[in-house]
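Participant: Here's a structure for you.
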Amino acid sequence: MKLPNLEKAKIRNEKEVEYIDATIKKDVSLFRGKKYFLKTYGCQMNVHDSELIKNLLEGIGFLESDKMEGSDIVVLNTCAIRENAHDKVFGFLGRAKHEKSINPNLIICICGCMAQEPSVCEEILSCHKLPNLLMNKINKTDIEVESIEGNVVENLEYIRDSKISAWVNIMYGCDKFCTYCIVPYTRGKQRSRKSEKILEEVEKLKRENYKEITLLGQNVNAYGKDLEGELSFAELLEKVSDIGIERVRFVTSHPWDFTDELIDVIASKPNVMPYIHLPLQSGSSRILKLMGRRYTKEEYIKLYDKIKKKIPAASISTDIIVGFPGESEEDFRETLEVVDYCKYDSAFTFIFSPRVGTPAERLKDGTTLKEKEERLKRLNELVNKYSLLANQKYEGKIEDVLIIGPSEKGADLVCGYTETMKLVNVLGATSRVGEIVKVKITEAKSFSLNGEAIL
Ligand code: SF4
């Protein structure tokens, strides 16, 4: 069994990135009548990768099942970033193991970030080679680990979950090596797709009548830095915007790569949505340095001010880690200060959990879990206060809402998103899924808005 190696994975060599054409011969007769069950954990990148896996499996005859029981293959697309995702994957594997004891022919495939971690790696198949590997392994018990590090695979086809909003990968991997993060090891070095291929994909989505696309990358605004003569992210965004899809978004950006040019493109292009996810991680420059984030508290605030000055309507969300090793009460108070200053529209907050093999795992940590939990509680109270205040500003306003489907809040409601990425439960628009509808906001809650469609 060939396992991935984190030591090797961190080496960034000069070897040219290979651009591979993944045109795959489809033959639905190969596994006709067989069923697959796919479970996805983690970020949008994983959700989008699962759209690819579906296409690969259905291209060779598999049909999707909504349960593991009775399936021929179980595919787990995993996430290694957060501890709870780890726990969920192991919980799921327990169920899969039980199912395999009933059905010994069941194939269990694990892909995604966790599958690249030696500490958790057991039975793994890589994504784009899945059909071939399946062909070779279907009746064997071999375990094979494949890494796509170093490559960019083009001409991939997806079975997209939505006919309204689509994800478009523009780059893979990350070279930032924030000290707590496993992604540069599991996803490999930064590899940007060629802009012409991205633009072709966006043009196709426009022809297919998609209303919204989101450009995806672990460090999306570092796009092009690894390719000589390639467009910058701001230039790419401008060209994507010119194709004319109603809504263009991107995620996730790093403050260090957020250029003035990029701010100008967002400010000047009406179809580039005024919603920016700007991960802070900590408000203490000392902790930011330990995290390897490449910006100080002051630089972050300067960037925030610049964005707000040029795009006053922008909503800004963030990620914050509480209890990074060595974080003192004073450091934590600085984080609260930045939250008080930026008054984020929303924030994803987490207690630090060490990822095996990262530098932060080796840092001394004198803070108890109880203290960290108490800090998280204080932070969440503040974050929720500002989320509600930000949402309350929408009350009485008329917003353009892209209706994406039924709402969980009631049979007569649908839900959708404002340009600024606020979730709205809408009355009076059940027949208008896929449209951008004018909605009067009637009530603000901490995490959503209620509104009525204006006919
Ligand atoms: S920029 Fe993001 S993906 Fe890259 S190392 Fe830092 S946290 Fe991880």
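Participant: Using the structure shown, decide if ILE311 is under 23 Å from the mean Cα position of the chain (by Cα) and either within 14 Å of TYR180 (Cα to Cα) or not assigned by TED's automatic domain parsing to the domain that holds ASP257 (or both).
Facilitator: no
Participant: If you take just the helices (runs of 4 or more DSSP H) that sit entirely in region 253-319, which of them hold at least 1 residues that are touching a residue at least 60 places away in the same chain (Cβ under 8 Å) and within 16 Å of the ligand (Cβ to nearest atom)?
Facilitator: 285-291
Participant: Hey, another quick one. All but one of (1) acidic (Asp, Glu); (2) surrounded by 21 or more Cβ atoms within 10 Å (Cβ to Cβ); (3) modelled with pLDDT under 95 hold for GLU327, so report the exception by its number.
Facilitator: With (1) acidic (Asp, Glu); (2) surrounded by 21 or more Cβ atoms within 10 Å (Cβ to Cβ); (3) modelled with pLDDT under 95 applied to GLU327, the lone miss is (3).
Participant: Tell me, please, whether a residue that is in contact (Cβ under 8 Å) with a residue 60 or more places away in the chain and touching a helix residue (DSSP H, G or I) at 6+ places or on another chain (Cβ under 7 Å) can be found in region 242-249.
Facilitator: The answer is no, given that none of the residues of region 242-249 is in contact (Cβ under 8 Å) with a residue 60 or more places away in the chain and touching a helix residue (DSSP H, G or I) at 6+ places or on another chain (Cβ under 7 Å).
Participant: If you check TYR185, TYR180, which single one turns out to be within 14 Å of the ligand (Cβ to nearest atom), surrounded by 22 or more Cβ atoms within 10 Å (Cβ to Cβ) and outside any helix (DSSP H, G or I)? Even if it seems obvious, please write down each step before you answer.
Facilitator: Working: TYR185 fails: outside any helix (DSSP H, G or I).
The unique qualifying residue is TYR180.
Participant: Here's another thing I want to ask about it. Spot the failing condition for GLY410; the list is (1) out of contact with any Ser or Thr (no Cβ under 9 Å at 6 or more places or on another chain); (2) surrounded by fewer than 17 Cβ atoms within 10 Å (Cβ to Cβ); (3) without any contact (Cβ under 8 Å) to a residue 40 or more places away in the chain; (4) part of a strand (DSSP E or B), and only one is missed.
Facilitator: (4)
Participant: Quick one: is VAL424 in a strand (DSSP E or B), of a type in the set (Val, Ile, Thr), buried (at least 19 other Cβ atoms within 10 Å of the Cβ) and in contact (Cβ under 8 Å) with a residue 12 or more places away in the chain?
Facilitator: Yes.
Participant: Looking at region 152-163, is at least one residue more than 22 Å from ILE20 (Cβ to Cβ), polar (S, T, N, Q) and within 16 Å of the ligand (Cβ to nearest atom)? Give the derivation first.
Facilitator: Taking region 152-163 first, the residues more than 22 Å from ILE20 (Cβ to Cβ) are 161-163.
Going one step further and asking which of them are polar (S, T, N, Q), we end up with 162.
Within this subset, residues satisfying the condition of being within 16 Å of the ligand (Cβ to nearest atom) are none.
No, region 152-163 contains no residue that is more than 22 Å from ILE20 (Cβ to Cβ), polar (S, T, N, Q) and within 16 Å of the ligand (Cβ to nearest atom).
Participant: SER448 - would you say it is touching a strand residue (DSSP E or B) at 6+ places or on another chain (Cβ under 9 Å), crowded, with 18+ Cβ neighbours inside 10 Å and not hydrophobic (A, V, I, L, M, F, W, C)?
Facilitator: Here the answer is no, as SER448 does not meet what is asked.
Participant: So, one more: Could you say which residue among GLU395, GLU371 is in contact with an Asp or Glu (Cβ under 9 Å, 6 or more places away or on another chain), assigned to a loop (DSSP other than H, G, I, E, B) and at pLDDT 95 or above?
Facilitator: Values: GLU371 fails: assigned to a loop (DSSP other than H, G, I, E, B).
Only one candidate qualifies: GLU395.
Participant: How many residues does region 196-222 contain that are within 16 Å of the ligand (Cβ to nearest atom) and closer than 19 Å to ASN155 by Cα?
Facilitator: Qualifying residue count, region 196-222: 3.
Participant: Anything in region 68-95 that is surrounded by 14 or more Cβ atoms within 10 Å (Cβ to Cβ), among the hydrophobic types (A, V, I, L, M, F, W, C) and at pLDDT below 85? List them, or say none.
Facilitator: CYS79, ALA80, ILE81, ALA85, VAL89, PHE92, LEU93
Participant: Right, next: Between residues in region 207-228 that are part of a loop (DSSP other than H, G, I, E, B) and residues that are among the aromatic types (Phe, Trp, Tyr) and crowded, with 21+ Cβ neighbours inside 10 Å, which pairs lie under 6 Å by C-beta distance while being six or more apart or on different chains?
Facilitator: TYR223/PHE233
The values are calculated or read from the model by the stated rules, or taken from the named source; none is laboratory data. Small disclaimer: the values here were computed from a predicted structure and weren't measured. Cβ: placed from backbone, ideal geometry, glycine included. Neighbour counts: every protein chain shown.
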